[in-house]
1. Please find, among Gly43, Gly50, Gly80, the residue that is at pLDDT 95 or above, touching a helix residue (DSSP H, G or I) at 6+ places or on another chain (Cβ under 9 Å) and in a loop (DSSP other than H, G, I, E, B).
2. If you take the residues in segment 215-245 that are open to solvent by less than 40 Å² (accessible area, probe 1.4 Å) and assigned to a helix (DSSP H, G or I), which one is nearest to His105 (Cα to Cα)?
3. All but one of (1) within 26 Å of Gly237 (Cα to Cα); (2) in contact with an Asp or Glu (Cβ under 8 Å, 6 or more places away or on another chain); (3) open to solvent by 30 Å² or more (accessible area, probe 1.4 Å) hold for His79; state the number of the condition that does not hold.
4. Mind telling me which of the residues Val56, Val72, Val33 ends up being over 30 Å from Arg228 (Cα atoms), of a type in the set (Val, Ile, Thr), open to solvent by 50 Å² or more (accessible area, probe 1.4 Å) and assigned to a helix (DSSP H, G or I)?
5. Mind listing just one residue for me: the one in segment 1-17 that is open to solvent by 60 Å² or more (accessible area, probe 1.4 Å) and outside any loop (DSSP other than H, G, I, E, B) and, of those, farthest from Arg106 (Cα to Cα)?
6. Could you list, in sequence order, all residues of segment 174-214 that are at pLDDT 95 or above, in a helix (DSSP H, G or I) and small (Gly, Ala, Ser)?
7. Return the residues of segment 145-172 that are in contact (Cβ under 8 Å) with a residue 24 or more places away in the chain, open to solvent by less than 20 Å² (accessible area, probe 1.4 Å) and in a loop (DSSP other than H, G, I, E, B); say none if nothing qualifies.
8. Which condition does Thr120 not pass, out of (1) under 18 Å from His79 (Cβ atoms); (2) β-branched (Val, Ile, Thr); (3) part of a helix (DSSP H, G or I); (4) touching a helix residue (DSSP H, G or I) at 6+ places or on another chain (Cβ under 6 Å), if it passes all the others?
Amino acid sequence: MWGEAWRGRSYDLGRMTLRDLTVAYWTYPAIQVYTALALLSAGLALAWAGDPAALVLTVLVASAVYPLAWYVIHRFILHGRWLYRMPWTAALWKRIHFDHHQDPHRLEVLFGSLANTLPTIALVTLPVGWAIDGRAGAAAALATGLVTTCVYEFFHCIQHLNYKPRWAWVARIKQLHLAHHFHDEDGNYGIVSFLPDRLFGTYYAEARQRPRSRHVFNLGYDLEEARRYPWVMELTGAPPRDRPEGAGRRGGETPAGGRACL
């Protein structure tokens, strides 16, 4: 049955190998849907294409737009404090980001849900592609966004996996992302590209450049906020934590040194 490998299961990146992750990644239903839709969109783009140069330009522009769009979404929506303050959006905020910061090792909440990701990818890519090359460009841009999402999701998994990357660049982006999760959440919003962070002043190269944030695990939704806006806490069934459950027993607790930077 489709999705059976994930049905009722919870995966802990702090206890997984790279092989475990690869199997879990490719059996996750959302990744399979992204891949299928990317192949379909690419096929349509080629079938409708009139000018190959326009398709190449579309792919390049969509690839450039993606990290900027991710930065805006991550900084101003996922880390915004307005979604949890409304009862009708509290569950959305909890699912799309709060749970991930509460326990960054839980693979099932690291992945985005199709109901949220697909409309977002389409909204970001389709207008760009259509403006460049009509329906062929729209299909090419959508395919680019879907493939890029798969790439981002895999590297995001690697960044929370108890694993030491052999490629120096992967090790570096892992260090930067773990600083976002375990030192100061108001910076290093990138996953693969940190260029928008550099452009907009939210990049920090080392943890020692900033004091440690007291909201790094709860995104500002602390006990005081939970009492004022209780909907996320009610859905969780427990008060917000100021550190991940089981911290210190699994890999990935600090952005520098120890197992976190493996």
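The values are calculated or read from the model by the stated rules, or taken from the named source; none is laboratory data. A quick note: this is a predicted structure, and the numbers were derived from the prediction, not measured. With ideal geometry, Cβ positions are generated from the backbone for all residues, glycine too; neighbour counts draw on all protein chains shown. Accessible surface areas use protein heavy atoms only, side chains included; no ligands, DNA or RNA. Shrake-Rupley method; radii C 1.70, N 1.55, O 1.52, S 1.80 Å.
1. Checking each option against the conditions leaves just Gly80.
2. So, considering only residues that are open to solvent by less than 40 Å² (accessible area, probe 1.4 Å) and assigned to a helix (DSSP H, G or I), the one nearest to His105 (Cα to Cα) is Val232.
3. (3)
4. Val56
5. That would be Glu4.
6. Of everything in segment 174-214, just one residue is at pLDDT 95 or above, in a helix (DSSP H, G or I) and small (Gly, Ala, Ser), namely Ala179.
7. Leu161
8. (4)
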